[in-house]
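Taking it in order: structure first as structure tokens, then the write-up.
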Amino acid sequence: MKRETQKALSPYLSGVLTGIVLVLSVWIAGKFAGASTTFARKAGMVMKLFSPERVSSMDYFVKYAPKIDWQWMFLLGLFIGSFVAAITSGSFKLQAMPKMWEKRFGNGRAKRALVAFVGGALALFGARLAGGCPSGHGLSGLTQLSISGFVALVCFFASGIVVARILYRGGKQE
Amino acid sequence: MKLVYGLITGLLFGYFMQRSRVIRYDAQVGAMRLIDMTIVKFMMAAAVTASIGVYLLHDLRLVELSVKSTMIGANVIGGLIFGVGWALLGYCPGTAVGALGEGRWDSIWGILGMILGGGVFAAVFPAIKRTIWQWGAYGKITLADVLHVNHWVLIALFLIGSLLLFRWFERRDL
């Protein structure tokens, strides 16, 4: 299979290194990786602009206050880390849509934007319902051998595989 | 200080993930199409490594686990909804932020969708807490608790299973 692998770090090596970073994070800061709660908190911050009283009375935002916390900083770091790695390895590219998508669905930006937006909304709703995303349930859940992590991760892939198959039906193209 | 640790952890995650190209749409949807297992290699390598480190530190009473509650109904339903959204967007919550860092800005639509999804979830949270979150709720359980075996037995199996899976991937050039 032809794939762009030049200069890419082996996923095994980067996986082991990332695993070590996670261990250090748990040891030093007492924090496991997670990502999806931040988007829910962010929604609280946005809603606060319109109706602060309502936000402060909502159960969910009492439980997860709309504020900047460890996880928010983790995502900021992830953004900067990815940017630095992309610039220094010459792989930074302003790209309006993924290659695989463009090959299958053409270069209509509105179509990509709409599907990505709907996908994002479903993904986050599902993650909050499930109690985590591939970071919290996947990586952190597998690490701790938690039942919730295994169950959620299997389900992430189960429906993901079905939908990806429908989207890219009939094509072996990459 | 917690915030600084979050930033540093995120920086390293973002750097490693970008360098091994697990952040990209093509890699994530490639995994769901079962043609490119890069993200699975990364995640399993990270989780096995972290599992060994975290449980070692836990046995030495240096860290506490943070196991998410098992709620079979929510883990399954939420997990399946997440998978549908993930396949449409092609980024999970963490990698959507990383994708933006490497210039793949179609992830912005996904991030906006996630904020909407988070807001919708917060709005319906009281009803979900009373219903779906109660279905099959077993608390913070791990595989070791359920199977009544020592966690090191499971970690050893996890390690061996991952290595066999990696070998299988490499033989098939996945």
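Quick rundown of the values:
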| read-out | value |
| --- | --- |
| So A:G119, is it crowded, with 21+ Cβ neighbours inside 10 Å, touching a Lys or Arg at 6+ places or on another chain (Cβ under 8 Å) and either at the interface with chain B (Cβ under 8 Å from one of its Cβ atoms) or more than 30 Å from B:S51 (Cβ to Cβ) (or both) | no |
| Test: residue in region B:72-91 that is farther than 22 Å from A:F156 by Cα, of a type outside the set (A, V, I, L, M, F, W, C) and surrounded by fewer than 18 Cβ atoms within 10 Å (Cβ to Cβ) | no |
| Breaking point among (1) more than 7 Å from chain B (Cβ to nearest Cβ); (2) in a helix (DSSP H, G or I), for A:L75 | (1) |
| Test for A:S140: is it under 25 Å from B:N150 (Cβ atoms) and either facing another protein chain (nearest Cβ under 7 Å) or surrounded by 24 or more Cβ atoms within 10 Å (Cβ to Cβ) (or both) | yes |
| Helices (runs of 4 or more DSSP H) enclosed by region B:1-77 - at least 3 residues per element that are touching a Pro at 6+ places or on another chain (Cβ under 6 Å) | B:38-59 |
| The listed residue being under 21 Å from B:G30 (Cα atoms), surrounded by fewer than 24 Cβ atoms within 10 Å (Cβ to Cβ) and either more than 7 Å from chain B (Cβ to nearest Cβ) or at pLDDT 95 or above (or both), out of A:V163, A:V151 | A:V163 |
| Lone qualifier among B:A46, B:A50 - being facing chain A (nearest Cβ under 7 Å), touching a Ser or Thr at 6+ places or on another chain (Cβ under 8 Å), without any contact (Cβ under 8 Å) to a residue 40 or more places away in the chain and farther than 24 Å from A:S159 by Cα | B:A50 |
| Breaking point among (1) without any contact (Cβ under 8 Å) to a residue 60 or more places away in the chain; (2) farther than 30 Å from A:D59 by Cα, for B:A122 | (2) |
| Residue match in region A:89-103 (condition: of a type in the set (G, A, S), closer than 27 Å to A:H137 by Cα and more than 7 Å from every other protein chain (Cβ to nearest Cβ)) | no |
| One residue from B:V67, B:V48 being touching a Lys or Arg at 6+ places or on another chain (Cβ under 9 Å), β-branched (V, I, T) and surrounded by fewer than 24 Cβ atoms within 10 Å (Cβ to Cβ) | B:V67 |
| Checking B:D145 against (1) touching a Pro at 6+ places or on another chain (Cβ under 8 Å); (2) surrounded by fewer than 21 Cβ atoms within 10 Å (Cβ to Cβ); (3) among the charged types (D, E, K, R), the condition it does not meet | (1) |
| Condition check for B:G117: surrounded by 17 or more Cβ atoms within 10 Å (Cβ to Cβ) and assigned to a helix (DSSP H, G or I) | yes |
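Every residue, every condition in (1) surrounded by 18 or more Cβ atoms within 10 Å (Cβ to Cβ); (2) aliphatic (A, V, I, L, M), yes or no:
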position: A:F32; (1), (2): yes, no
position: A:F39; (1), (2): yes, no
position: A:K42; (1), (2): yes, no
position: A:E53; (1), (2): no, no
position: A:K67; (1), (2): no, no
position: A:F74; (1), (2): yes, no
position: A:G77; (1), (2): yes, no
position: A:I87; (1), (2): no, yes
position: A:A96; (1), (2): no, yes
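The values are calculated or read from the model by the stated rules, or taken from the named source; none is laboratory data. Everything numeric here is computed off the predicted structure, so don't read it as measured data. No Cβ is skipped: glycine too gets one built from the backbone with ideal geometry, and neighbour counts run over all protein chains shown.
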